[in-house]
Structure formats: C-alpha cells, structure tokens
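Contents: one structure, followed by commentary.
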Amino acid sequence: MSQLPVDPTEAFAELGRIKLGDTDLDGVLRQIAELAKRTIPGAEEVSVTLVRGGDNHTAAFTGALALQLDELQYEQGHGPCLDAAHNSTTMAVPDMSTETRWPDWTARARDEGAASSLSIGLPIQESVTGALNIYGVKPGAFDDDAVTLAQTFAGYAAVALANAHLYDTTATLAAQMQSAMQSRAVIEQAKGIIMGERRCTADEAFDILAKVSQDSNR
C-alpha cells in the first residue's frame, strides 16, 4: 500500500524536526529518502548516494530499482548521480531513450523500467558529498516545478545530513576518548600492582607492562 503524499512545507518542517539524539545517521538517510519519495511529484523510487574519498555507495533507498540504477553507475564509473555528487549540481535526465551523455547506463536503466531521473548534489562535509537520486517510470516525469521543489528539498536534506554526520562523528570520538580513558585507568592500576609487588618505579612498571603487552599482543 503506497503512502500518502506529503505537502512540501510539512516535509521541510519534518526535516528540521529530526532529533539527532533519537536516531543515527542511517536513520536520517532513510527518512530523507522516504520523505522525498512522498514529496516530489513523479518520484517512483528514491536513493541517497554518499561519496567519501574514492568510495561510492547507496546509503538509503526506497526500492530495488533505485539501488540497481545507483550500483550500475558505480560499476561503470559514471552517471548522473556521480556527476551530481562530485560537482554539487543538478543532473536531469528527462528521457532515458534520448539521453546521450551516459548511453550504457541509460540503456540498462530503460531495461530496468526507469524512463527519467533527477540527481541533486548534497554537499555534506569537506570529505563527504552525496546526491539525492529520484527515478521516474515515465519520460518527462519531472517538470520545472518538480525540479525546483527537489532542489529545495535537497537543500534542507543537506543541512540535516551535515548535522547528523557531525553528530555521528562527535559521538564516535567521544566513545573513543572514553575507551582510552578507561584503558588508561586500567594501566595505572596495573602499574600500581607491579610497583607494589616488584618494588620498582612507575617507569619500570610501565616498561614491564609494555613488554607483556608486546609478547601477548594485547
């Protein structure tokens, strides 16, 4: 059963209400994809591509069609979603049957049932970019109003993703710091035990620990 369409104003508000403490980066990505599908007229399936360094992957998708068409671009090394992500621009394919920029990809896309597409770049962080990919099953599925709406939606989505990525990175760093502090506490306790048993200095106790660590690879 298909979900009811969402008014664009409500969609933008929903993106702004995402509470990062209640979800993770994957949850934000899924919410963006599902919301875009229900908000942008002509959208049959939607995906979000993330690009970090030389790695391209589909981080969220609403259906198999979007995932297949994304992964085909990654395999071929070119396509509208990759161009949109790398250049932070909008790449529209009004009709797969007349598109000449990516002939191998559009031929396969037609075979899979897609007739048009729209990819919009998502600048997230300096080291991470992405694209919102929208696929239609009819030629000319996205008119000028739909393109403008998709671009506005992508702007809100980029802010939500940037915040989520920063939150996720900060949370990971905090966990690493906490682990390091716990490890330091254990080391200090072990040093104290060794100093008491061997009647040695703190530096000598640490050297003993280091040798044991190296020998046992722990």
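Where a number appears in this text, it was derived from the coordinates with a stated rule and is not lab data. Small disclaimer: the values here were computed from a predicted structure and weren't measured. Virtual Cβ from ideal backbone geometry, glycine too; neighbours counted across all protein chains shown.
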In what sequence, highest mean first, do 87-93, 194-200 appear when ranked by Cβ atoms within 10 angstrom? 87-93, 194-200
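DSSP loop (so not H, G, I, E, B), at most 13 other Cβ within 10 Å: list which trypsin sites (Lys or Arg not before Pro) in region 64-166 pass both filters.
Numbers: sites: ARG101, ARG108, ARG110; in loops: ARG101.
Passing sites in region 64-166 are ARG101.
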Which value in nm describes the separation of the simple spin-label points at ASN87 and GLN151, placed 7 Å from the Cα toward the beta carbon? 1.4 nm
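Could you calculate the contour length gain from ASN163 to ASP215, that is, 0.36 nm times the residue separation minus the distance between their Cα atoms, to one decimal place in nm? List each step's numbers first, then the result.
On the way: separation 52, 0.36 × 52 = 18.72 nm, distance 4.36 nm.
Contour length minus the Cα-Cα distance gives 14.4 nm.
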So, in nm, how far is label ASP24 from label HIS57 when the simple model puts each one 7 Å beyond its Cα toward the Cβ? 1.2 nm
Length-normalised contact order of region 1-139 in % [C-alpha pairs under 8 Å, at least 6 apart]: 23 percent
I want to check the label-to-label distance for ILE208 and GLN76. Put each point 7 Å from Cα in the C-beta direction and report it in nm to one decimal. 6.7 nm
